[in-house]
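See below for the structure under consideration.
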Amino acid sequence: MELVNLKDPQDQASFAQAVKRGLGKQQGLYFPTNIPKLDNIDDVLAMPFVERSITVLRALIGDELNNGELEQIVETAFAFGAPVEKVTDDVYTLELFHGPTLAFKDFGGRFMAQTLSGISEGQPVTILTATSGDTGAAVAHAFHGIDNINVVILFPKGKISALQEKLFTTLGGNIHTVAIESDFDACQALVKTAFDDPDVREGLHLNSANSINISRLLAQVCYYFEAMSQLPADKRDQLVVSVPSGNFGNLTAGMIAKAMGLPIKRFIAATNLNDTVPRYLKTGEWAPNATVATMSNAMDVSQPNNWPRIEALIEQGYIDKGCLKGEMVDEEYTQLAMRQLAQLGYTSEPHAAIAYRAVSHDLEPGEIGLFLGTAHPAKFRETVENVLGNPISLPKALADVAGEDSLAIDLPASYDALKQHMISLLKA
Ligand SMILES: *Cc1c(COP(=O)(O)O)cnc(C)c1O
């Protein structure tokens, strides 16, 4: 696989290099120089999930992971399913929350951890990542206990749910967590600064595990194929996929699946009040506002860092601009959508509810809608119970950590403070 930095065409990378580097020069994103088209889509769709995912990833990655390596990585990483549930006559949901941390980020996180551990061959690596909630848990669990890999996770203090925080701040060992006294964008900015600082980047062998890492994105392509394989075959070319979006990694992966020939008709980029993209798609003006806190906190992002890849998919002719629509769903309509789903017999949480709201209002005759269920409702228990007025039970993964103490330390949003902390922690 060949990738190129979207900010610097001279900066090229193999798959392994792009996975190790995370970001390219000038904080540019790596993007495939060619996205292969699968010409036997029906055969691919007929395969079981793991075998199909290996086929899709083999087409993208090529022969870099050889001799059973890719097979082993996919089998370990994708050890749980992604079932499609029917919600109404023409609307379905893809449940991506059956992994260990109950959110879709388990797919990308686990695939990346397995890949990185395979390609770094015992060299020390420090993963530095910012999380608005679910990335932290997925990355922490995926890397916990892997030799020679240390993980530092920054999260906005007090801005993610207590249970969500417990999922990654209680592990200890090679997982180090830092509560930053600011918002997610500030955490993301600190990560970017660290990558620009050679002392830290080279000294600690930095790697980023957030949704900008190409391995996470490629892993996510696989479950769009899985969704299509479970939907009625006669409706396959009428599928509208609604993606609850924050950093836009999930949507980027869906578009790569379409570029590979998966016959998704069109996409809806569904956001909360942090609606930089929906406004941009309407007005053509990129005008991020200050980030606001919402119930769907994993989507509280006003400067989505995967957007340049979506622009590239459109500019390079893989995706027609008309295939993407933006939709903002405010707090009131998010709650309304959660209640409507409950009346339909489906308990959901704010992120998926936003995508449901966006697609159920937008379907044209003959189309079917699919919204991505990005997290288990119990991960947002307080919000869900408040909105629906009913208690919901905790799955085992959450019940187990609920009573444990957080091991996170607090730091101000200062790069010097973070740098000192990391060096004292990891240079020992
Ligand atoms: C991360 C996350 C999102 C947003 O996904 P992006 O790939 O960043 O757009 C949506 N819902 C949940 C529950 C998440 O954790």
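Odds and ends about this structure:
- Over region 80-235, the ratio between the Cα radius of gyration and 2.2 N^0.38 Å evaluates to 1.13.
- Split the chain at each of the GluC sites (Glu not before Pro) in a DSSP loop with at most 11 other beta carbon atoms within 10 Å, and the longest piece is 122-284.
- With both labels modelled 7 Å from their Cα along Cα-to-Cβ, the VAL292 to ASN34 distance reads 4.7 nm.
- Region 317-324 - phi-based ³J(HN,Hα) in whole Hz, Karplus 6.51/-1.76/1.60, Gly and Pro as x: x, 6, 10, 6, 4, x, 7, 10
- Å² of accessible area per residue within region 61-138, as computed with a 1.4 Å probe and no ligands counted: 32 Å²
- With DNA, RNA and ligands ignored, accessible area of MET295 (1.4 Å probe; Å², nearest 10): 30 Å²
- Accessible surface of region 244-283 [probe 1.4 Å, protein heavy atoms]: carbon and sulfur percent: 54 percent
- Over 24 Å apart at the Cα level, from the set LYS159/LYS427; LYS37/LYS86; LYS25/LYS166; LYS157/LYS419; LYS86/LYS282, are LYS159/LYS427; LYS37/LYS86; LYS25/LYS166; LYS86/LYS282.
- Antiparallel %, DSSP beta bridges [both residues in the chain], to 5: 25 percent
- All Cα pairs of the chain, percent lying beyond 38 Å: 14 percent
- Taking amide H positions as modeled 1.01 Å from N, with prolines and chain starts lacking one, the residues under 5 Å from LEU128 and 5 or more places away or on another chain are VAL152, ASN207, SER208, ALA209.
- FRET efficiency for the THR283 to GLU121 pair, using the beta carbon distance and R₀ = 45 Å, is estimated at 0.40.
- When the chain is treated as a GNM with alpha-carbon contacts under 10 Å, the residue of CYS187, CYS222, CYS323 showing the greatest mean-square fluctuation is CYS323.
- Residue order for LEU262, LEU388 - accessible surface, 1.4 angstrom probe, largest first: LEU388, LEU262
- Cut-off under 5 Å, modelled amide H: who pairs with VAL91 long-range: GLY369
- Modelled spin labels at SER406 and GLU202, positioned 7 Å past Cα toward Cβ, are 3.7 nm from each other.
- For the chain, built as a Gaussian network whose Cα springs stay under 10 Å, the top-fluctuating residue of ASN272, ASN297, ASN67: ASN67
- Of SER393, SER117, SER14, the one that fluctuates the most in a GNM where the chain has Cα springs shorter than 10 Å: SER393
- Note on the chain: helix-only mean residue ellipticity at 222 nm, from DSSP H runs of 4+ residues weighted -39500 (n - 2.57) and normalised by residue number, equals -12500 deg cm²/dmol.
- In sequence order, region 96-109 has phi-based couplings of 9, 10, 9, x, x, 10, 6, 8, 4, 5, 4, 4, x, x Hz under the Karplus curve 6.51 cos²θ - 1.76 cosθ + 1.60, θ = phi - 60°, and Gly or Pro positions carry x.
- ARG339 versus ASP320: modelled label distance in nm, points set 7 Å from Cα along the beta carbon direction: 3.9 nm
- Both numbers refer to the Cα atoms of region 144-210; Rg and Dmax are 12.7, 35 Å.
- Each residue of region 168-178 was assigned a 3J(HN,Hα) from its phi angle through the Karplus expression (A = 6.51, B = -1.76, C = 1.60, θ = phi - 60°), giving 10, 8, 9, 6, x, x, 7, 10, 10, 10, 10 Hz with x at Gly and Pro.
- Once you divide the Cα radius of gyration of region 261-412 by 2.2 N^0.38 Å, the number left is 1.19.
- Averaging Cα coordinates gives a centre for region 301-340 and one for region 247-265; these two points are 12 Å apart.
The values are calculated or read from the model by the stated rules, or taken from the named source; none is laboratory data. Note that the structure is predicted; figures quoted are calculated from it, not measured. Positions of Cβ are generated from backbone atoms using ideal geometry, with glycine treated the same way; all protein chains shown enter the neighbour counts. Surface accessibility is based on the protein's heavy atoms, side chains included, excluding ligands, DNA and RNA. Shrake-Rupley method; radii C 1.70, N 1.55, O 1.52, S 1.80 Å.
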